[in-house]
Amino acid sequence: MRDAANPRLLARALDDLALGLGRWRLPLALAQMDIRNRYRGSVLGPFWLTLSTAVMLVSLGFLYSQLFKLELRQYLPYLSVSLITWNVIAGMVNEGSNALIEQEGVIRQMPQPYSVHALRCVLRNMIVAAHNLPLILLVFLACNAWPGPEALWALPGLLLFVVDALAAAVLFGMLSARFRDIGPIVASLMQIAFFVSPVIWKPQLLGENAKWLPFNPVYAVMETVRGPLVEGGVSPLIWLAALAYSAILCGAAFALFVRFRSRIAFWV
Amino acid sequence: MAYIKAERLDVDFPLYHMGSRSLKKRLFAAASRRVEQDAQDRVVVAALRDLNFTITSGERVALIGHNGAGKSTLLRTIAGIYDPVGGRLEVQGEIGSLIDPMAGMDPWATGFENIRLRAWYRGLSDAQAKALAVEVVAFSGLDEFLDIPVRSYSAGMQVRLAFAMATAMAPDILLMDEWFLAGDADFMARAEERLAVLVRDAEILVLATHAMDIVRRWCTRVIRMDGGRIIHDGTVEEVLGPEVITPPAEAVAPAPPSPAG
């Protein structure tokens, strides 16, 4: 029953999430089809993802190891983990802005939990990430830069990525469905974030100012995965900051979803 | 027992992505009935206004009215796509909606893949999904074409697949847009029988259409809408008047419905 005077917003939002997660096979199949359709007819198919990242890594690696006067074998492992985790974050945020808009055809024709569309976006980006992650192993192998057992700490970091990605798809997906300028704004902010976050440059370059880095949410979240892999671990402070930013993101996304979920069909 | 109960139901379409200022000027100059401003000063189209009706088990309801009268919006609201902004809507029973059968189809996926997708979109269990596939294979008659991408089907084959998927399982409440009554005569002849079974098995049928012969044949009640409001609600006879039979041939053997639309 739907009653405008008693909309039961919270209960219906929770139902939506439970139903969407319960149907995980649907968004997974849709995400796989998205990737397949994107590379349809090409010889390498989705392995273009791997190849283009590899090309990027090699060229940036040579260039910046010269510019920063670092030895390639020391710089490349850092760069590869940085760039690949950055690509995951940027992809999740940028595609998140389109998560609902691009599903207009389904949203307006078929009753479906909205969380299915957000999940589809997240899973699609996880598939993309899975095509790039092996490159990190390859670089570790080539540079003989294997991390110690502390690398396992990257796993909770990856889990945090997934949770944040779902929140980002809901938050930015809804905001940009309602305000069509949000998508481009988010995209250009991410561009700036790429340069102000230590992705291609190392935090040590900041010297004294490095202590301000935890105030950068992108850095904090990224570091939970990068730290254990190339920097011998990650400080509790970074984890605390990353958890705090994630809590804010998830809180905002959930609040918006509860309050405005029933408006999405009118927005897209 | 399935039922649909609407009390003072309102649905508004906000117009977000238009220059609302110039739009306001233009629309309010014309003193439009349906374009209003809501409490937050947004421009909204009053899609449905103050609808009161109860549809109980066994009823076959036709929604009629001009284009833009609110028929499809009402179907989508009952289906759960749009939420009311005012009043309440109570729906009891499992809903099957034949609104846009092509929605959710991936043109690059094969027929079988699309059938599986549709089963998941509907939240069917594995056993139900299997039953759906069997039925679709049988009715669509597409055979080996089900193994190639839907994109390479002819328009008629796409309709056959879409129709077969949409009508494979009988729900308690069947919502149908007139798309299902459009199509070439050949297809209609095949489809008609199947729809009749579906309509018979559903507890409630709500059908938005312009085809009055279908209304007279299938429906027990007609709701005429105009400008988002119900202007007439009664039996077929009450709303449409007695059937005028002009060509004597038709009275003996009713012809298949003419394509709507």
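Observations on the structure shown:
- When the residues of segment B:94-105 are filtered to those that are under 17 Å from residue B:74 (Cα atoms) and of a type in the set (Gly, Ala, Ser), the one that is nearest to the other protein chains (Cβ to nearest Cβ) is B:97.
- Meeting the requirement of 2 or more residues that are more than 14 Å from chain B (Cβ to nearest Cβ), touching a Ser or Thr at 6+ places or on another chain (Cβ under 7 Å) and touching a residue at least 60 places away in the same chain (Cβ under 8 Å), the helices (runs of 4 or more DSSP H) wholly within segment A:147-232 are A:154-178, A:217-230.
- Hits in segment A:50-63 - residues which are surrounded by 14 or more Cβ atoms within 10 Å (Cβ to Cβ) and either within 12 Å of chain B (Cβ to nearest Cβ) or β-branched (Val, Ile, Thr) (or both): A:50, A:53, A:58
- Residue count, segment A:239-268 (criterion: without any contact (Cβ under 8 Å) to a residue 24 or more places away in the chain and facing another protein chain (nearest Cβ under 10 Å)): 1
- For segment B:155-174, the set of residues classified as surrounded by fewer than 19 Cβ atoms within 10 Å (Cβ to Cβ) and closer than 18 Å to residue B:189 by Cβ consists of B:155, B:156, B:157, listed by residue number.
- The one condition in (1) within 12 Å of chain A (Cβ to nearest Cβ); (2) at pLDDT 90 or above; (3) surrounded by 16 or more Cβ atoms within 10 Å (Cβ to Cβ) that residue B:90 fails to fulfil: (3)
- Taken together, A:247, A:265 contain a single residue that is part of a helix (DSSP H, G or I) and modelled with pLDDT of 95 or more, which is A:247.
- Segment A:56-99 - residue that is in contact (Cβ under 8 Å) with a residue 40 or more places away in the chain and among the hydroxyl-bearing types (Ser, Thr, Tyr) and, of those, nearest to residue A:166 (Cα to Cα): A:97
- Scope segment A:1-49; condition part of a loop (DSSP other than H, G, I, E, B), farther than 11 Å from residue A:115 by Cα and within 12 Å of another protein chain (Cβ to nearest Cβ); matching residues: A:1, A:4, A:5, A:6, A:7, A:8, A:39, A:40, A:41
- Residues located in segment B:146-180, provided they are of a type in the set (D, E, K, R) and within 18 Å of the chain's Cα centre (by Cα): B:160, B:172, B:177, B:178
- Residues of segment B:106-141 that turn out to be outside any helix (DSSP H, G or I), more than 8 Å from chain A (Cβ to nearest Cβ) and either surrounded by fewer than 20 Cβ atoms within 10 Å (Cβ to Cβ) or modelled with pLDDT of 90 or more (or both), as a count: 5
- No other residue among A:187, A:220 is at pLDDT 90 or above, of a type in the set (Gly, Ala, Ser) and closer than 17 Å to residue A:81 by Cα apart from A:220.
- Taken as a whole, the structure leaves residue A:223 outside the set of residues that are surrounded by fewer than 14 Cβ atoms within 10 Å (Cβ to Cβ) and charged (D, E, K, R).
- Taken over segment A:100-137, the criterion of being away from chain B (no Cβ under 14 Å) and over 16 Å from residue A:161 (Cβ atoms) is satisfied by A:134, A:135, A:137.
- Applying the criterion of being assigned to a loop (DSSP other than H, G, I, E, B) and buried (at least 18 other Cβ atoms within 10 Å of the Cβ) to the residues of segment B:66-79, the residue that is farthest from the other protein chains (Cβ to nearest Cβ) is B:69.
- Across segment A:105-115, a minimum of one residue is classified as modelled with pLDDT of 90 or more, of a type in the set (Phe, Trp, Tyr) and part of a helix (DSSP H, G or I).
- Of A:159, A:152, all but one fail to be surrounded by fewer than 22 Cβ atoms within 10 Å (Cβ to Cβ) and either over 21 Å from residue A:217 (Cα atoms) or modelled with pLDDT under 95 (or both); the exception is A:152.
- Here segment A:50-100 is the region considered, the condition is being outside any loop (DSSP other than H, G, I, E, B) and of a type in the set (Phe, Trp, Tyr), and the residue that is nearest to residue A:217 (Cα to Cα) is A:86.
Yes/no matrix, rows are residues, columns are (1) in a strand (DSSP E or B); (2) modelled with pLDDT of 85 or more; (3) surrounded by fewer than 20 Cβ atoms within 10 Å (Cβ to Cβ); (4) acidic (Asp, Glu):
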position	(1), (2), (3), (4)
B:197	no, no, yes, no
B:205	yes, yes, no, no
B:215	no, yes, no, no
B:234	yes, yes, yes, no
B:237	no, yes, yes, yes
B:245	no, no, yes, no
B:250	no, no, yes, yes
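- Within segment B:39-60, restricting attention to residues that are of a type in the set (A, V, I, L, M, F, W, C) and farther than 16 Å from residue B:229 by Cα, the residue that is modelled with the highest pLDDT is B:55.
The values are calculated or read from the model by the stated rules, or taken from the named source; none is laboratory data. Keep in mind the model is a prediction, meaning the values are calculated, not measured. All Cβ positions, glycine included, derive from the backbone under ideal geometry; neighbour counts span all protein chains shown.
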